[in-house]
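Before any comments, here is the structure.
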Amino acid sequence: MNDNRKKLSLIMSVCFLAMMFGALAGSILIPDRSFSADENRSLQRLPAFRLSEYFDGRFETALEHYVDDQFPFRNSFIKIKTAADRTMGKLENNGVYRARSGYLMEDITVPSEKTIREDQDALRHFASKHDSLNMYFILVPNAANIFSDELPLTVRPGDQNAPMDRIFKSVRKDGMTPIDVRETFKKKKDDIQLYYRTDHHWTTDGAYTAYQYASPKLGNGAARTYIPYIVKNDFKGTLYSKSGFTNGLDDEIRIYLPTDEKSYKKSVIYYADTQKKTTEFYQTGNLKKKDAYTVFGGSNHPMYTIETPVESSKRLLIIKDSYANCFIPFLTQNYREIVVVDPRYYFDNLDDLISSENITDVLFLYNANTFFSDHSLSIMLSGSSQ
């Protein structure tokens, strides 16, 4: 018996060492990937070392994401785990729930007390340093918040509303204008598909609903009228890819165009990272790709500018995550210039950008899960406030 146990231990040790050496060899021999088609997202590349990013923690965070994203045979391990979970009838996989009405929903991120305080402090410091600017704050609830009644009966998502309430109260105290769409979404959720069934983003219908509510609060008067057009009807998004669940119904992707195109003034969009200039917000060629959500402005860019011929003295800085991508076109007729920054990829000095672009207004636009789980915003704001 003891001999058998020794043999089993030896076999397990050899297998473990083989896996470790295999992973090490794979990490050396296999080139880094820039995009995961299975997860429908960009992957972290090896970050360049910068002393400033090392001291503020951004380099360490990027390095951790790099190790996770570039782990050899990562997709194969994910597929094996997903297949096993489906066989056992699991209702959750990789943080995604199988909900009713064909919905897949990601779990709610419940922030720690430390995370909330860091976010509050960073926003407060930024607001106090730029107190001459008009600042607005949109924090979008996620589908599992608004459609919690569609989740399996055994699932109790975390409380997203309590931390959202705290952030809204805090930014109001700091002089920002909070824009809370939760009540509007709850009233319209049975009439409008606010979120994709297979993707973690809100739909363009959801973004347009938020725009109609937010426009007066942004100081832009009544919302302009746009008409939706279906450009894809078989979209399978990030939650479909991430979970492996197949119960999610295919989604429609819609783009919104102005009702009065004659009075609509075309904008010029310049992407600094690719040095590409265009007048088109919707990159319809991307509808053929797996990551079809990139029809809205393409992949995530660190920073880009939108120049308009609108007669306005207002210049808007948008600090955002990818929820803003389908929201931004609605704003172009109200500002002479819009500068868009994604803190996950933008590492230059924000104060310098505000000064050089003569910014008059700032809009923060995030979905709550990203806001409470990603620390790049608080790191960037804290760095700019020093």
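Each reported figure results from applying straightforward, stated rules to the coordinates on display, with no laboratory input. Since this is a predicted model, take the numbers as computed values, not measurements. Positions of Cβ are backbone-derived with ideal geometry, glycine not excepted, and every protein chain shown enters the neighbour counts.
Computed from the C-beta positions of ASN358 and LYS276 and an R0 of 22 Å, the FRET efficiency is 0.40 to the nearest 0.05. Distance from the C-alpha centroid of region 266-305 to that of region 89-166: 27 Å, rounded to the whole angstrom. Here the Karplus relation 6.51 cos²θ - 1.76 cosθ + 1.60, evaluated at θ = phi - 60°, turns the backbone of region 249-258 into coupling constants of 6, 4, 9, 8, 10, 10, 10, 10, 10, x Hz, with x for every Gly and Pro.
Which pairs, out of LYS189/LYS277; LYS236/LYS276; LYS129/LYS314; LYS236/LYS277; LYS173/LYS314, put more than 31 Å between their alpha-carbon atoms? Pairs exceeding the cut-off: LYS189/LYS277.
Each residue of region 357-372 was assigned a 3J(HN,Hα) from its phi angle through the Karplus expression (A = 6.51, B = -1.76, C = 1.60, θ = phi - 60°), giving 9, 6, 5, 10, 9, 10, 10, 8, 9, 9, 8, 5, 4, 5, 4, 8 Hz with x at Gly and Pro. Gyration tensor analysis over the Cα atoms of region 167-284 returns equivalent ellipsoid semi-axes of 26, 23, 17 Å (largest first, whole Å). Cα convex hull, region 92-384: 129 Å³ per residue, rounded to a whole number. The GluC sites (Glu not before Pro) of region 271-351 meeting both criteria, a DSSP state outside H, G, I, E and B (loop) and at most 15 other C-beta atoms within 10 angstrom of the site's C-beta, are GLU280, GLU311. Using 27 Å as the Cα-Cα cut-off, could you pick out the over-long pairs in LYS114/LYS188; LYS169/LYS217; LYS290/LYS320? Those over the limit are LYS114/LYS188. Residue separation of ASP191 and TYR264 scaled by 0.36 nm, minus their Cα-Cα distance, works out to 23.4 nm of gained length.
With the simple model of a label 7 Å out from the Cα in the direction of the Cβ, THR225 to LYS129 spans 4.4 nm.
Here the calculated FRET efficiency for ASP348 and ASP149, from their Cβ-Cβ distance with R0 = 56 Å, stands at 0.80, rounded to the nearest 0.05. Amide H contacts under 5 Å for GLY297: GLN283, restricted to partners 5 or more places along the chain or on a different chain, H placed in the peptide plane at 1.01 Å from N. Extension gain for the segment ARG117 to LYS90, taken as residue separation times 0.36 nm less the Cα-Cα distance, is 6.2 nm to one decimal. Subtracting the Cα-Cα distance of LEU63 and LYS289 from 0.36 nm times their residue separation leaves 78.5 nm of extension gain.
Ordering of 315-327, 282-294 by packing is 315-327, 282-294, highest average first (other Cβ atoms within 10 Å, averaged per residue).
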